[in-house]
Amino acid sequence: MDCVSVRHEFAIRSGFSAAEVQAHLVGCPACALWARSLRAVDDVARPALIVEPPPQLALRLAELAALTPIVRATPHRLGPE
Ligand SMILES: [Zn+2]
C-alpha cells in the first residue's frame, strides 16, 4: 500500500485494524507519525462530541423511530428495462 491509501484507510476506519495498514505503519515513519497525531486528535475530540440528548428529545426520537416504517433501498436500474 502507498502512503495515500494507508492514510485514507486509517482515517476512514479510524484505527489500525487492517493488517496491510499496520504493516505499512511499521515501515513508514511519516505515516506512523501521522497516525499517532490523528489518534491524539481523536482521543481529545471524541469525548467532546458525545452529547446526551435532553430527556424530552430522546423520548420524542424514540416515538418517531417506533412510528417510522423501515424503508429498504431498491436497486435503481439504469437504461431501458
Ligand atoms: Zn507511508
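General observations
- Between A32 and T68, the contour length at 0.36 nm per residue exceeds the alpha carbon distance by 8.5 nm.
- Stretch gain in nm, segment E52-A23, where the contour uses 0.36 nm per residue and the Cα spacing is subtracted: 6.7 nm
- Geometric descriptor of region 3-67, per residue, is 108 Å³ (volume of the convex hull of the Cα atoms).
Readers should treat all values here as calculations from the given coordinates under stated rules, not as data from a laboratory. Treat the numbers as computed from the prediction; the structure is a model and nothing was measured.
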